[in-house]
Amino acid sequence: MNNRHGCFITLEGGEGVGKTTNMAYITAQLDQAGIDWIRTREPGGTPLAENIRQLLLNSGDEKPCDTTELLLMFAARAQHLQQVILPALQKGTWVVCDRFTDASFAYQGGGRGQSEQTLELLEQLVQEGLQPNLTLLLDMPVELASQRVDKRGEVRDRFEQEQQAFFQRVRDAYLQRALQHPLRFRVVDASLPLPQVQQQLDEYLQPLIENWHYSGETP
Ligand code: Z5A
């Protein structure tokens, strides 16, 4: 039984920046390093939270108002934290999560205009101070990311149907978050070919892995 807490890694970025694609690369690196990990996502990660995800992404005729959307995001997060993330970290398992609270600051804050104070209040209520050890922000111009989503050819969900100006505000809010939290955030140029994106991910991931192996400390 491991008596150390696992590391909590989050992947962030606008639509189509390559979070799903690169998640597999990150977990392969953890496998290579002999680290136990789970992969999860937000909104979602438990049966209840996945139901909330469905309400959020495909709400049908009744569109949630902005406050409903915000509260549902944090309701799903509270469940996900209690049921999945915290138990895993406490067992010494690393958690790699596709989006977390920075997405709420970017989408509900930057995108929809919810105030930073409201977001911070909910963050404190739900997380009680817990923060990721490392947040990898995949960043690229909005237009290029949108072209990648188009190429994928899937039906667009409620968020993906937003206009370019919305995604530009989301991108700006993410970059602002990275400036506000320089110790935790690493910004990755996601517009580059995949091998070069993964080279950057390695640069940020390996120190965390080495630190875990050699010092026995979670930074
Ligand atoms: N949301 C929110 O509002 N508030 C919150 O608090 C949270 C979430 C947690 C669902 O998220 C929505 O919830 C999200 C924000 C909101 N909506 N949006 N937009 P999601 O993560 O499930 O949905 P998503 O952001 O739309 O993810 P995605 O569309 O699956 O994109 P991705 O995972 O970042 O990209 P990908 O599928 O890995 O890559 C896109 C395509 O590009 C694909 O065909 C790849 O093969 C290709 N690709 C990837 N990397 C490259 C490189 N380097 N070169 C060339 N092509 C590449």
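The values are calculated or read from the model by the stated rules, or taken from the named source; none is laboratory data. None of the values given here were measured: they were computed from a predicted structure. We place every Cβ from the backbone using ideal geometry, glycine too, and count neighbours over all the protein chains shown.
In the stretch 37-58, the qualifying residues are those that are surrounded by 17 or more Cβ atoms within 10 Å (Cβ to Cβ) and touching a residue at least 60 places away in the same chain (Cβ under 8 Å), and the one that is nearest to the ligand (Cβ to nearest atom) is E42. Screening Q206 on (1) away from the ligand (no atom under 14 Å from the Cβ); (2) assigned to a helix (DSSP H, G or I); (3) modelled with pLDDT of 95 or more; (4) in contact with an Asp or Glu (Cβ under 9 Å, 6 or more places away or on another chain) shows it passes everything except condition (4). When R112, R99 are screened for being crowded, with 19+ Cβ neighbours inside 10 Å and charged (D, E, K, R), only R99 passes.
Do you know which residues across the stretch 115-155 are modelled with pLDDT under 95, surrounded by 14 or more Cβ atoms within 10 Å (Cβ to Cβ) and of a type in the set (D, E, K, R)? Scanning the stretch 115-155 gives a single hit, R148. Just wondering, is there one or more residues in the stretch 112-134 that are within 8 Å of the ligand (Cβ to nearest atom) and at positive phi? Within the stretch 112-134 (the criterion being within 8 Å of the ligand (Cβ to nearest atom) and at positive phi), the answer is no, since none of the residues qualifies. Among the residues of the stretch 130-184, those identified as assigned to a loop (DSSP other than H, G, I, E, B) and either within 30 Å of G92 (Cβ to Cβ) or small (G, A, S) (or both) are L130, Q131, P132, N133, G153, H181, P182, L183, R184.
Among the small types (G, A, S) and either away from the ligand (no atom under 11 Å from the Cβ) or modelled with pLDDT under 95 (or both), is that true of G34? Against the criterion (among the small types (G, A, S) and either away from the ligand (no atom under 11 Å from the Cβ) or modelled with pLDDT under 95 (or both)), G34 qualifies. Given the residues D66, D61, which is the only one that is on the phi < 0 side of the Ramachandran plot, away from the ligand (no atom under 15 Å from the Cβ) and acidic (D, E)? Selected residue: D61, the only one of D66, D61 that is on the phi < 0 side of the Ramachandran plot, away from the ligand (no atom under 15 Å from the Cβ) and acidic (D, E).
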